[in-house]
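Okay, structure first, notes after.
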């Protein structure tokens, strides 16, 4: 099940995140919903990301793959060159650069879709976003719910509600 | 399915009312303008159809000028595309607060200008149905993609740039699409919801979006610079008078940014006037962009003067033929009009503080666009008219087909933009909301 708590400001929401994580709730089970980006102090609800790393990886894969394809394409043609080199490194380099960047861009977008949970089917339920509140959602079991409701209320939650997991 | 609610208070509600209002209804003037631009586009398509049916001979490109208005327009529109993504990326990376009402309008220009510019190599081909020969793929079909050809470089560069630009426009649009899905009904709501790909506004999504936009901005910067460099290589890699120049790549990039800023200012001017967005596209935005325009005007002068001075000082007779044709020959009226449009008008109107008003900023932008189109014309045509072999010199005269297609592309740009501004909020609501909350 999930608990939802509404807060009127960022400070109260940040305090609530720290309180519930201090009470043993894994931060991966905590989500904050808002109509616009909410900026917490570092360490409160960091979301580690491998986006940069995977973008570089994607760039290397697409860049080197396309370069290999270009060399294969040029060597595969039975062109009589009279002993002259068939491959042109500098000219190939331009295309390598462009396709490396394409790989980085597509990699970034792919990681964005994955890390943000968009396009995933089995996602947690999400509340309707209101402009004037920040909604925090905590995944918990039935036994611990009562205690978490108290903690959230003490942290400044305006309202708390329980949502059953549809799955 | 989650929906974003519409419970809003004071300033946030006002932002939505103002930004979403232009999306409602179709006024008489909107329909009349759309019909006018559509008619021009249809005429251009007819002209292109004639060229496909009758052959490339209906265009004015013939020996020795094999590159005519199509390549002029290609370079011009690719330059205009630098308005959006590049400027938006620079402002995003430098965290310029005033960028927020400007970025989406700018990014949309990039996508449409690239769509239009990217068409010209295909139109120029003549036999457009063989366009796939440009695409490098394994040559088991006995085609040999020539990777040493800058045209193949163009293909990959523009493909990368348009892919990146579309994604760069789309990603920050997702939160607004989710909000619009909750505000609209019926099929519109379903379409917006589909496009918003399940956005819920969770902190994970916001984190990922902001991280992705930062990374994309850095990548797009590199790609944008490379794209216009590659376009310049179409010229500078050939040993032709006044093309074979080492400064062509930065010269082209600077020119592209110059014309891009001018296009952005004009679009913002139109949005402010016709969509009543004066509250968001404020004089400060125009003044800041006009300062950038003035800076780029001086950069353009520097590059242009360096290029011409070097040729003049070298006094090589092959290059001097082109130089003379440009500066005091048959192309001199275009050349001096270009200097007036690209330097004199913006320098005087924007450089003298008392003269710098919204009206003069718009006039300067129009002048710069005319000047930059002329510059592309003067780069392409005189060199081919006065090639290295004097016996092969010859004139160029654009045909009605080329002129129609050229006019049609300007109409297409206006039409695409009108349709975009009717379907999507032209100002990023959530980004502007951040400013409202902060203030």
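The values are calculated or read from the model by the stated rules, or taken from the named source; none is laboratory data. Since this is a predicted model, take the numbers as computed values, not measurements. Note that we place each Cβ from the backbone using ideal geometry, even for glycine, and neighbour counts take in every protein chain shown.
Taken across segment A:69-84, residues that are within 28 Å of residue A:134 (Cα to Cα) and without any contact (Cβ under 8 Å) to a residue 24 or more places away in the chain do not occur at all.
Among what's in segment B:182-199 and is more than 13 Å from every other protein chain (Cβ to nearest Cβ) and assigned to a helix (DSSP H, G or I), pick the residue that is surrounded by the most Cβ atoms within 10 Å (Cβ to Cβ). Taking the candidates together, the pick is B:192. Residues that are facing chain A (nearest Cβ under 9 Å) and in a helix (DSSP H, G or I) were ranked within segment B:137-153; the one that is modelled with the highest pLDDT is B:153. When residue B:358 is tested against the conditions (1) modelled with pLDDT of 95 or more; (2) under 23 Å from residue B:273 (Cβ atoms), the lone failure is (1).
Conditions tested, residue by residue: (1) more than 8 Å from chain A (Cβ to nearest Cβ); (2) at pLDDT 85 or above; (3) in a helix (DSSP H, G or I); (4) surrounded by fewer than 20 Cβ atoms within 10 Å (Cβ to Cβ).
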site	(1), (2), (3), (4)
B:155	yes, yes, yes, no
B:159	no, yes, yes, yes
B:165	yes, yes, yes, no
B:170	yes, yes, yes, yes
B:180	yes, yes, yes, no
B:205	no, yes, yes, no
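Here residue B:299 passes the criteria (1) part of a loop (DSSP other than H, G, I, E, B); (2) over 23 Å from residue B:158 (Cα atoms) except the one numbered (1).
Yes or no, residue by residue, for (1) assigned to a helix (DSSP H, G or I); (2) farther than 27 Å from residue B:261 by Cα; (3) within 18 Å of the chain's Cα centre (by Cα):
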| residue | (1), (2), (3) |
| --- | --- |
| B:25 | no, yes, no |
| B:45 | yes, yes, no |
| B:50 | yes, yes, no |
| B:72 | yes, no, yes |
| B:78 | yes, no, yes |
| B:95 | no, no, no |
| B:105 | yes, no, yes |
| B:109 | yes, no, yes |
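Being buried (at least 20 other Cβ atoms within 10 Å of the Cβ), at the interface with chain B (Cβ under 7 Å from one of its Cβ atoms) and over 16 Å from the mean Cα position of the chain (by Cα) holds for only one residue in A:55, A:59, A:35, and it is A:35. Looking only at residues in segment A:136-162 that are within 14 Å of another protein chain (Cβ to nearest Cβ) and under 20 Å from residue A:24 (Cα atoms), which one is surrounded by the most Cβ atoms within 10 Å (Cβ to Cβ)? My answer is A:136.
Within segment A:106-125, being touching a residue at least 24 places away in the same chain (Cβ under 8 Å) and either under 18 Å from residue A:139 (Cα atoms) or at the interface with another protein chain (Cβ under 7 Å from one of its Cβ atoms) (or both) holds for A:108, A:112, A:115, A:122, A:124, A:125.
Return yes when residue A:111 is buried (at least 20 other Cβ atoms within 10 Å of the Cβ), within 26 Å of the chain's Cα centre (by Cα), over 17 Å from residue B:178 (Cβ atoms) and not assigned by TED's automatic domain parsing to the domain that holds residue A:11 and no when it is not. Taking the combined requirement at face value, the residue satisfies it. Considering segment B:349-439, the qualifying helices (runs of 4 or more DSSP H), each wholly inside and each with 2 or more residues that are under 30 Å from residue A:34 (Cβ atoms), run over B:400-423, B:429-438.
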